[in-house]
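What follows is calculated from the coordinates using simple rules that are stated; it is not laboratory data. For clarity, every value in this text was computed on a predicted model and none was experimentally measured. As a convention, Cβ positions derive from the backbone with ideal geometry for all residues, glycine included, and neighbour counts pool all protein chains shown.
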Amino acid sequence: MLDFFAIFSKGGIVLWCFHEAGVTESFTGPVNALIRSVILQERSGNNSYTHNALTLKYKLDNEFELVFVVGFQKILTLTYVDKLIDDVQRHFRDRYKNELEEKGALKLLLNSFEFNDEFQTLLRMAEESSRSRGPVLMKSFEKSQKSQKTVKSMIETKGGDKSKEQGGKNKKGNKKEGELCGGCCSFPCRLIVSVKGNYLDILCLEVLNFSTFTLANRKSPKPQKPKGKEKRVWDMGGSSTKELDYSASNGGNSLETASFSKDIMEDLVGVAKKGGFGGMFGMLKGLVGSKSLTQEDMEPVLEKMRDHLIAKNVAADIASQLCNSVGKKLEGKVMGTFTTVASTVKQALHDSLVQILQPKRRVDVLRDVLEARAQRRPYVITFCGVNGVGKSTNLAKISFWLIENGFSVLIAACDTFRAGAVEQLRTHQRRLNSLHPPEKHSGRQVVQLYEKGYGKDAAGIAMEAIAYARNQGFDVVLVDTAGRMQDNTPLMTALAKLIAVNMPDLVLFVGEALVGNEAVDQLVKFNQALADHSMSDKPRLIDGIILTKFDTIDDKVGAAISMTYITGQPIVFVGTGQTYNDLRSLNARAVVNTLMKA
Amino acid sequence: MAQGEVVPPQPLAFQPYLESLLAELRAQEPAVVLGVAVAVVVVILTIVFLHAFLGKKSTRSAVLLIGLCDSGKTLLFSRLLCGKYKRTQTSITESSALYRTKGDRGTAWTLCDLPGHESLRPQYIEKAIVFVVDSAIFQKEVRDVAELLYSLLTDTVVVKNAPALLVACNKQDVTMAKSAKLIQQQLEKELNTLRVTRSAALSAQDGSPGGTTVHLGKKGKDFEFSQLPMRMEFVECSARGNKGEEGDADIADLETCLAKLA
């Protein structure tokens, strides 16, 4: 029932594959999609992925740099797949250990890996085990726990501990009520019966009928015992106060090799505390020899890295997803000599952060504008985002950059809601025109504003502006929209309509660098709205991100990671101030270095 | 010290320890002191050597296979090394192996296949770079190909070493594949435009220049590949070969070019 099973190396060579008879499509497409969207984007936390009609489950073997992928139809739920992958991995490794241990790709190319028979046996075993377990039968009444209970124990009593005599047992009290009442469970009856003649209580109970559900949920009353004052137990309190003792070494390892000896010292100290001589010897052996990483080894380091990332303003669940993914990527990997667990994990995290921040597609706005100019149409950029992030300011900065490079810009004022939005854009237009006067540009104004006042439909204004630009030969149209909260459905629908109708070349989401966990929510909801309300089956989603107010954060640059991780789109511009010159591009390495610094 | 007098703070916490150590040393014989000093020096030297030794990466000359995703680098890698056809998937990590050129001299270098999505290259001393281009969909991807080639040509390491650059126009077995000459012309035109747009790119947020400081070719004239300091050649090849999986690949031109490099 599987569609295919493939084993390939991380370098890309397929070592062995199995195709179910009758399946015509090759598995290359889905597996490539899996690699690109999951493994390369560090989302390998959970090991399954859906692509069109197929579900793909995968497992990484980091010791020999292999990937095991199995694919089956999405509508089937096969329970034996996880176990099958583990079994196949074990058998494959055991059988081809010698070939796989050779370094260099030559061995992989030269050998042919015949695994068909073993795989068929394993598959048959797995299918049989799942079949033999059989469908789960419903429990009969005799076997269930309910039949063990007596009727009396099921009668609810209200607040019995207050109204009971001292030292009275539960059963005794219940039996009394049961006799009185004949075991009926209707509400008012029960409550009046159970209350020992306390008028106030009866009144309260009858008035608060709706809250009887909560009262009824109280189980049989607690045993009576004169209690002293109990120690207060907090939910997040923890069990011991040892964790609160921070007088031990402070963290703060940096990535440079200078900290390498410090890591060793910490490890030595840690091991000396734990295991004494045997532990020290084992640690030294681990330091020099080849030790493979396990989840337990990496757990404390990953925990520390997660907290570090969260302290640097990365969204909380993104930080934990990243750390899980790095853990999965390193599990089973053999460390080199003189490397500690901490340094390996930090290096891997550093590399994956750089990978995330590198743009997946080409980011060159000027080149695209030139292309659009060659096709005699304007290049349309739309700015969207929540309130107050800096859309209009960064729009002005981008138009300054464009006119510096010789393009003519039309600003479409589609913010018809906020008071002063149109005037703000007009002021920018005047300033930009005074910086680049029309005399120098063959008598033509380099920046013009297309506005229709307040209260009109934004999508209509945008469409007219684009048509005007096409007629007048403008190179770029910058569409400014009103800020809106991501859970304001009518406004999100309006934005989606604007984008779906006008099909801009670039949809930029403007987000401020100060945002924390909110970034995830904003981006997800914006993308969701754009996808839901578009008519076509290939909806226009967010194409790029502008990260604003970057000068206000010193080194808490985590918002960049959150935003690129969620959307997978690059950060096109970085805003670092409020003057026209404060527009930058993103340097991924510098940001990651700042992020990983202690 | 009288009571009530303020004791000045100790300048060094281990001043007393140092003094006791020096007193100990003086008490010993000079041979022992000399032995200890030699041991310390040897240990320091060993640490320095190990650091230097571990820090350096492979310095053997390498031939890199670079290109966009799905251009056929891994299959080309497999064909060059052992002539067999292997199914391939998107590479996640790099793979390298020793490659022996055909012919009499048979020099060996490391052939290194880099994943398409990575823009970071390891610090190999490159002897030559094989830039693999997918000729079938070149027309659609011309801007991406040109951007990758531009970042390669303006990389500081490449500019310093000026390795030979071989542009392999792969997938010639597909009917709509463009010829090497056409690809060369298109790339020249595109790089000409890119010179302008990339130098106008914004600088990075920490002040480092976003665009590149290296200017390709000659100023004032249209860009041509002959203006570059490195040797450039365009070859056509087909890693899959005309007969599909069973047949041989059509990489004879590529192999002769590689042999000429040695």
For each of A:GLU299, B:GLU141, A:GLU230, count neighbouring Cβ atoms within 10 Å of the residue's Cβ, then give the residues from fewest to most. A:GLU230, A:GLU299, B:GLU141
Just rank A:LEU137, A:LEU123, B:LEU50, A:LEU523, fewest to most, by other beta-carbon atoms within 10 angstrom. A:LEU137, B:LEU50, A:LEU123, A:LEU523
Taking a threshold of 27 Å on the Cα-Cα distance, which of the pairs A:LYS452/A:LYS497; A:LYS152/A:LYS229; A:LYS391/A:LYS525; A:LYS57/B:LYS86; A:LYS328/A:LYS549 fall above it? A:LYS152/A:LYS229; A:LYS328/A:LYS549
Pairwise label distance in nanometres, A:MET1 with A:GLU371, each label 7 Å out on the Cα-Cβ vector: 4.6 nm
For A:LEU54, what is the net charge nearby, where nearby means another residue's Cβ is under 14 Å from its Cβ and Lys, Arg count +1, Asp, Glu -1? -1
Environment charge of A:ILE546, counting only residues whose C-beta is closer than 13 Å and scoring Lys/Arg +1, Asp/Glu -1: 0
Pseudo-spin-label distance B:GLN186 to A:LYS152, built 7 Å along Cα→Cβ, given in nm, is 9.0 nm
Does region A:533-593 come out rounded, prolate or oblate, given a ≥ b ≥ c as the square roots of the eigenvalues of its C-alpha gyration tensor, rounded meaning a/c under 1.5 and, failing that, prolate meaning a/b above b/c? prolate
With a ≥ b ≥ c the root eigenvalues of the C-alpha gyration tensor of region A:431-586, is it rounded (a/c under 1.5), prolate (a/b larger than b/c) or oblate? oblate
If I model region A:313-424 as equal point scatterers sitting on the Cα atoms and use the Debye formula, what is log10 I(q)/I(0) at q = 0.10 Å⁻¹? -0.58
Separation of the B:SER179 and A:GLN578 label points, Cα + 7 Å toward Cβ, nm: 6.2 nm
Given R₀ = 30 Å, what would the calculated FRET efficiency be for B:ALA200 paired with B:VAL157, taking r from the Cβ atoms and rounding to 0.05? 0.80
Among A:485-498, B:144-157, A:561-574, what's the highest-first ranking by average C-beta atoms within 10 angstrom per residue? A:561-574, B:144-157, A:485-498
Sum up the charges of everything whose Cβ sits under 11 Å from the Cβ of A:GLN522, counting Lys and Arg as +1 and Asp and Glu as -1, but leave A:GLN522 out. -2
Test of understanding: ordering A:THR337, A:THR548 by Cβ neighbours within 10 Å, fewest first, what list do you get? A:THR337, A:THR548
So for R0 = 60 Å, FRET eff. of A:ASP457-A:GLN145 from the Cβ-Cβ r, to 0.05, ends up at 0.45
Added length on full extension, which subtracts the Cα-Cα distance from 0.36 nm per residue, A:ASP235 to A:SER132: 32.7 nm
